[in-house]
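Structure record follows, encoded as structure tokens.
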Amino acid sequence: MKHRLVTCALLAVSVLLGACSNKEAGHQGKAPIVVGFSQVGAESEWRTANTNSIKEALGGDDFKLKFSDAQQKQENQIKAIRSFIAQRVNVIAFSPVVESGWEPVLNEAKAAHIPVVLTDRAVKVPDDSLYVTLIGSDFVEEGRRAARWLVDDSKGQPGPIRIAELQGTVGSAPAIDRMKGFHEIIDADPRFQVVHSQSGDFTRAKGKEVMEAFLKADRNINVVFAHNDDMAIGAILAIEEAGLKPGKDIKIVSIDGVRGAFEAMKDGKLNATVECNPLFGPQLAQLIRDVAAGKPVPKRVVVQEGVFTQDQAAAELPKRKY
Ligand code: AHR
């Protein structure tokens, strides 16, 4: 009996050790791909969904993920990337908080022969061989989509249509590109005037704060264009506190398509949201596998997305995954 117990215990230990060494050795005995990922932060519902998607997709046996949260600070991302280089990870991936200032650290990664994959946001570098690929949305097109919704919604309305813009993080690709795309469309129609434009840093709290300041200075605002849903939700609170009706007295269009936006649309407080899909973790995982294997990958991978309005909110809400 004693002998059998000892044999069983030894068997259990060897199964456990086997499982551990399989994880160390990765999928089907291959060594896992060590990925250093630097995320922007946790500034919005969108970002939380994006982090969860990436952690889940890179959480399997194929990968060993080293995740770092930069709390919306470029210096934290640069530090994280330098530490990934020092640890000699196989692939570095990151979502750059702003567009410029990456050349030195990307050159260091190149010198160390570590491929870099950009996610979500672009960088401005003179030499695009400093990164292998960028997976993310077409932010210019998102800005155009928001403006097209506005043009459509304002049919037959006389001007001026006075717009307050809540910009994203200063210097970030989505703030620059969404503003560009939005202007491309509205500038063709003289009824539209952007009378206020300031950064709310993509957060609910700052969106509210900036909208409060706009309304203190000027109650004659017809439309809010927010670069993301979180700032729009902050603006809704500020509009209500100012005694006005969001969605009616002031029309609101924003970008992301998070659940909070669908809830606000269902309540008639937000008019439209342009989708920006954060759930590209599985696509990123495949790209990283290909990059690590030295296979050719496209320089730009664009995520597919749509536009949603109030009349679709109730039906769409239960289907939303973020
Ligand atoms: O880069 C994507 C943007 O960053 C999202 O629109 C916003 O919500 C996030 O913070």
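The values are calculated or read from the model by the stated rules, or taken from the named source; none is laboratory data. This is a predicted model, so every value here is computed, not measured. Here the Cβ positions follow ideal geometry from the backbone for every residue, glycine too, while neighbour counts run over all protein chains shown. The area values use the complete protein model at the heavy-atom level, side chains included, leaving out ligands, DNA and RNA. Shrake-Rupley method; radii C 1.70, N 1.55, O 1.52, S 1.80 Å.
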Q. Residue 82: accessible area at probe 1.4 Å, nearest 10 Å²?
A. 110
Q) Ordered by residue, what ³J(HN,Hα) values in Hz, to whole numbers, does the stretch 205-222 give under the Karplus form 6.51 cos²θ - 1.76 cosθ + 1.60, where θ = phi - 60° and Gly and Pro are x? A) 4, 6, x, 5, 4, 5, 5, 4, 5, 4, 6, 5, 7, 7, 8, 9, 10, 9
Q: In nm, give the distance between the simple-model label positions of residue 157 and residue 193, each being 7 Å from the Cα along the Cα-to-Cβ direction.
A: 1.5
Q: Please work out the C-alpha center-to-center distance from the stretch 54-111 to the stretch 238-298 and express it in whole Å.
A: 24
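Once the other residues with Cβ under 14 Å from the Cβ of residue 136 are scored (Lys, Arg +1; Asp, Glu -1), what is the net sum?
That works out to -4.
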Q. Which shape class applies to the stretch 26-111: rounded if a/c is under 1.5, otherwise prolate when a/b exceeds b/c and oblate if not, where a ≥ b ≥ c are the square roots of the Cα gyration tensor eigenvalues?
A. oblate
Q. Just how many % of Cα pairs in the stretch 139-276 lie over 18 Å apart, if you round to the nearest whole percent?
A. 46
Q) Measuring with a 1.4 Å probe in the full set of protein chains, what accessible area per residue, in whole Å², belongs to the stretch 200-295? A) 36
Q | For the chain, built as a Gaussian network whose Cα springs stay under 10 Å, the top-fluctuating residue of 206, 155, 73 | A | 155
(Q) Suppose each label sits 7 Å from its Cα in the direction of the beta carbon; what would the residue 300-residue 183 distance come out to in nanometres? (A) 1.9
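Work out how much length residue 56 to residue 263 would gain on full extension: take 0.36 nm times their residue separation and subtract the Cα-Cα distance, in nm to one decimal.
71.9 nm
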Q: Quote the relative contact order of the chain in percent (integer), defining contacts as alpha-carbon pairs under 8 Å separated by 6+ residues.
A: 17
Q: For the pairs 55/321; 216/245; 216/248; 180/266, note any where the Cα-Cα span goes beyond 22 Å.
A: 180/266
Q | Largest-first principal axis extents, alpha carbons of the chain, Å | A | 87, 54, 31
Q: With label points built 7 Å along Cα→Cβ from the Cα atoms of residue 48 and residue 108, find their separation and express it in nm.
A: 3.3
Q: Name the long-range amide H neighbours of residue 303: under 5 Å, sequence gap of 5 or more, or other chain; modelled H, no Pro or chain starts.
A: 136, 137, 138
Q: Based on the mean of other Cβ atoms within 10 Å per residue, sort peptides 316-322, 293-299 so the most packed one is first.
A: 316-322, 293-299
Q) Which value in deg cm²/dmol, rounded to the nearest 500, describes the helix-derived mean residue ellipticity at 222 nm for the chain, given -39,500 (n - 2.57) per DSSP H run of n ≥ 4 and division by the residue count? A) -14000 deg cm²/dmol
Q | Paramagnetic reach from residue 217 in the stretch 150-174 [backbone N under 12 Å; point 7 Å along Cα→Cβ] | A | 164-165
Q) What percentage of the solvent-accessible surface of the chain, computed with a 1.4 Å probe over protein heavy atoms, is contributed by carbon and sulfur atoms? A) 55
